[in-house]
Structures are given as C-alpha cells and as structure tokens.
Amino acid sequence: MPLKKDSLERQLALATEDLEKRVKALDEKGVDAKARSKDSQWRSLNAKCRRIRSRLNTVSSIAERDAECERRKAEPAEDSAE
C-alpha cells in the first residue's frame, strides 16, 4: 500500500536530518565535499533521500492524474445536463 504524502514528507525530513548530521561529521573530519561520495554512510543516506523525493514526486503526479480523470468524468455529465 503506498504511503500518503504527509508520511513521505515526514520521512524525508528525518532522512535529510540524518544526512545533515553525517555531512557535519565529515566536515569535522576535514572531508572535502567532492570526496563525500567515497563515504558509504553518506552514499546510503543520500540515496535514501533521493528515493523518498522520487516517491513524493510520483505521489504528486498520481494525484494530478486522478484529478484530471475526475474532471473528465464530470465533463460529460455537465454536457448532457444542458
């Protein structure tokens, strides 16, 4: 069962917070921004954020598609009422 938009937004906030903590730890170690991709934890957290963002985009596009479908269903009913 797909998750709701608010659940995904909450998950994204938590994942982003974890990623920021890892970035801060790497910065304290003196790791360059370009060298972060060599850190396995950073890669994992970054991938998690991207997955959740992708799911959020999909939820939004599905909601738009459903709204368009409802609009089209209502259109013939309005035409026949005239």
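The values are calculated or read from the model by the stated rules, or taken from the named source; none is laboratory data. Treat the numbers as computed from the prediction; the structure is a model and nothing was measured. Don't worry about glycine lacking a Cβ; one is built from the backbone with ideal geometry, like all the others, and counts go over all protein chains shown.
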Worksheet item: In this structure, does N46 turn out to be in a helix (DSSP H, G or I), in contact with a helix residue (DSSP H, G or I) (Cβ under 7 Å, 6 or more places away or on another chain) and polar (S, T, N, Q)?
Response: yes
Item to complete: Can you tell me which residue among R72, R22 is out of contact with any strand residue (DSSP E or B) (no Cβ under 7 Å at 6 or more places or on another chain), assigned to a helix (DSSP H, G or I), exposed (fewer than 13 other Cβ atoms within 10 Å of the Cβ) and of a type outside the set (S, T, Y)?
Response: R72
Worksheet item: Looking at the range 27-49, is at least one residue among the β-branched types (V, I, T) and at pLDDT below 95?
Response: yes
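Going by the conditions given, is A15 surrounded by fewer than 13 Cβ atoms within 10 Å (Cβ to Cβ) and on the phi < 0 side of the Ramachandran plot?
The answer is no for A15.
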Worksheet item: Which one of the conditions (1) free of Cβ contacts under 8 Å to residues at least 24 places away in the same chain; (2) surrounded by 12 or more Cβ atoms within 10 Å (Cβ to Cβ); (3) of a type in the set (D, E) does E64 fail to meet, given that it meets all the rest?
Response: (2)
Worksheet item: Does S37 satisfy the condition of being touching a helix residue (DSSP H, G or I) at 6+ places or on another chain (Cβ under 7 Å), loosely packed, with under 11 Cβ neighbours inside 10 Å, assigned to a helix (DSSP H, G or I) and not basic (K, R)?
Response: yes
